[in-house]
Each structure stands twice: as structure tokens, then as C-alpha cells.
Amino acid sequence: DVKVTQSSRYLVKRTGEKVFLECVQDMDHENMFWYRQDPGLGLRLIYFSYDVKMKEKGDIPEGYSVSREKKERFSLILESASTNQTSMYLCASSTVNQPQHFGDGTRLSIL
Amino acid sequence: QKEVEQNSGPLSVPEGAIASLNCTYSDRGSQSFFWYRQYSGKSPELIMSIYSNGDKEDGRFTAQLNKASQYVSLLIRDSQPSDSATYLCAVINAGNNRKLIWGLGTSLGVNP
């Protein structure tokens, strides 16, 4: 079974802090994704990566950056957290033309 | 027009009935189609994949794909209260086989 592990289930941070969300997958998938999900807005893609050190912007990259130094790990960084970044963050991985598999999600609150 | 459209619901069915969920997509070249289930506060989990026209059955779930009409549906037979969730339709477009294009989901409630 595919295992995608996100570092935290719940996280509380303050505005202006730099926040790191970590994601690790164990299936040697080349593709990894970061989404945020808000009520009524569905899944929105922030960034994805199709190889080590490669990244592409998704639909809402502003205020975020990512890092992929190793194939199994994909990090999302909130450079200066703001209250409108309070959300559920979901990491997923996949191989080409196949479905994505999700981690349990991180519920992030910015105070 | 959204790339992947679903009726937001809520769809309400009695226990034991058939629940029918529909999804339409705009990219005629799409090749891969997926249904995910998402319980409140949880992450999406894959329940069905379908790649060719016709029906695909897995237990109580049947996915139906009609590429000519550009729709994919999910039937849940003998619906149970535990099937109450949001069902997300996702499609891989021809232009980019790495990303999924997501619908907003249909909320299903199964009443005992």
C-alpha cells in the first residue's frame, strides 16, 4: 500500500512566522503535490513536483514555496504566514497517468 | 465552463437504495478518470479508477464512462449510512498526464 506521511495533523502558528509542512512518500513516486482545501472551494493545487529539484506552480502559489531535495520528500513553506492561509493542507503523490494518494492532511491555524 | 463539473448536492438517499453520482468533463482527450471518497475532516481516498468506455464494478461500486458524451458516473448499490461522504471526481487531461483536474464534489447522505 502507498504510504504518504505528513509531519503534523494539527499545527498552530502566528502571523509572520515561517512555517514548514513536510511530506514523505514510500512508493518511489516521481510526482508529488501540495493542495489546500477550504469549504466550498474544493481542492486547490498550490505546487507540484515531477522530479527532484523540479517544481511547477499550481493554481494558487502566492505566499508559498516548495522544496524537493530528495525524491521521497516534498516540503511546503509559508514564507510569512497570514491568517488567510488557515486551511487544511493535503500532500499527495503519484506516478504518471495514475491516481494520486493522499496523506492524512495538516489542519493549519494561523493566529 | 469548469473543466470538471459535479452537482454539489446534497444528494439524499434511503439506506439500501442506489445512489447515482455524475461528473462531466470538458477535455475530450482525457484518458483517466477517478472517483474519491472524502469523509468530513479526512483526506480523499481513491475508490474507483476507470480508463475505457463502459462499466467497471468493484463490490457495491460501479463506475461508468461515456467518452462520447464526456461523462463519468458512480453508482453505489445497497447504500449504507457509512457511505455518507463527499465524492470527488478527478480527471487526467490529455495535455498534462501528471496532474489531476478535480470537481468540487457531491455531498451524499444515506438515511437509515
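If you plug each phi of the range A:64-75 into the Karplus form 6.51 cos²θ - 1.76 cosθ + 1.60 with θ = phi - 60°, what whole-Hz ³J(HN,Hα) values come out, in order, with x for Gly and Pro?
10, 9, 9, 9, 9, 8, 10, 4, 7, 10, 9, 10
Which order results if B:S69, A:S80 are arranged by neighbouring Cβ count within 10 Å, fewest first?
By the 10 Å Cβ count, ascending, the order reads B:S69, A:S80.
If you rank A:L45, B:L88 by fewest surrounding Cβ atoms within 10 Å, what's the result?
Taking fewest neighbouring Cβ atoms as first place, the list is A:L45, B:L88.
Fewest Cβ neighbours within 10 Å first, please rank B:M48, A:M27 accordingly. Intermediate values should be presented prior to the final figure.
Numbers: B:M48 20, A:M27 13.
Fewest-to-most ranking of B:M48, A:M27: A:M27, B:M48.
Determine ³J(HN,Hα), in whole Hz, for all residues of the range A:86-92 in sequence, where each value follows from phi through the Karplus function 6.51 cos²θ - 1.76 cosθ + 1.60 and θ = phi - 60°; x replaces Gly and Pro.
Computed from phi, the couplings for the range A:86-92 are 5, 5, 8, 10, 10, 9, 9 Hz.
Around B:V91, with a cut-off of 15 angstrom between Cβ atoms, what is the net charge of the other residues, counting Lys and Arg +1 and Asp and Glu -1?
For residues surrounding B:V91, the net value is +2.
Is the shape of the range B:13-112 best called rounded, prolate or oblate, per the rule: a/c under 1.5 gives rounded, else a/b larger than b/c gives prolate, else oblate, with a ≥ b ≥ c the square roots of the Cα gyration tensor eigenvalues? Don't skip to the answer; put the middle values down first.
Numbers: a/c = 2.33, a/b = 1.60, b/c = 1.46.
It comes out prolate by the Cα gyration axes.
Taking B:K56 as the anchor, which lysines have their alpha carbon closer than 25 Å to its alpha carbon, excluding any fewer than eight residues away along the same chain?
Those lysines meeting the cut-off are B:K67, B:K99.
Projected onto the charge dipole of the range A:5-86 (+1 at Lys/Arg Cβ, -1 at Asp/Glu Cβ, origin at the Cα centre), which of A:N31, A:V52, A:G42 gives the Cα projection farthest towards the positive end?
The listed residue farthest towards the positive side: A:G42.
Under the 0.36 nm per residue contour assumption, what length would be gained going from the current alpha-carbon distance of B:K67 and B:Q80 to full extension?
1.7 nm
Would you list, by chain and number, the aspartates and glutamates whose Cα falls below 19 Å from the Cα of A:K71, excluding same-chain residues fewer than 8 positions away?
Within the straight-line cut-off, A:K71 pairs with A:D1, A:E22, A:D26, A:D28, A:E30, A:D51, A:E56.
Report the net charge of residues surrounding A:A81, where surrounding means a beta-carbon distance below 10 angstrom and charges are Lys +1, Arg +1, Asp -1, Glu -1.
Working: positive: A:K13, A:R14, A:K18; negative: A:E17, A:E79.
Around A:A81, the surrounding residues sum to +1.
About the Cα centre of the protein assembly as shown, how large is the charge dipole given +1 on each Lys and Arg Cβ and -1 on each Asp and Glu Cβ? Please answer in debye to the nearest 20.
Numbers: 25 positive and 25 negative charges, 97 e Å.
So the magnitude is around 460 debye.
Counting only residues 5 or more places away or on other chains, whose amide H sits under 5 Å from the amide H of B:L108 once H atoms are built in the peptide plane?
Amide H to amide H, under 5 Å and 5 or more residues apart or across chains, B:L108 pairs with B:L11, B:A85, B:T86, B:Y87.
Send over the per residue convex hull volume for the protein assembly as shown, Cα only, as a whole number of Å³.
Values: hull volume 27.0 nm³, N = 223.
Taking the convex hull of the Cα positions in the protein assembly as shown, it is 121 Å³ per residue.
Values in this text are rule-based calculations from the coordinates and carry no lab data. This one's a predicted model, so the numbers in the text were calculated from it and none came from an experiment. Backbone-built Cβ (ideal geometry, glycine too); neighbour counts: all protein chains shown.
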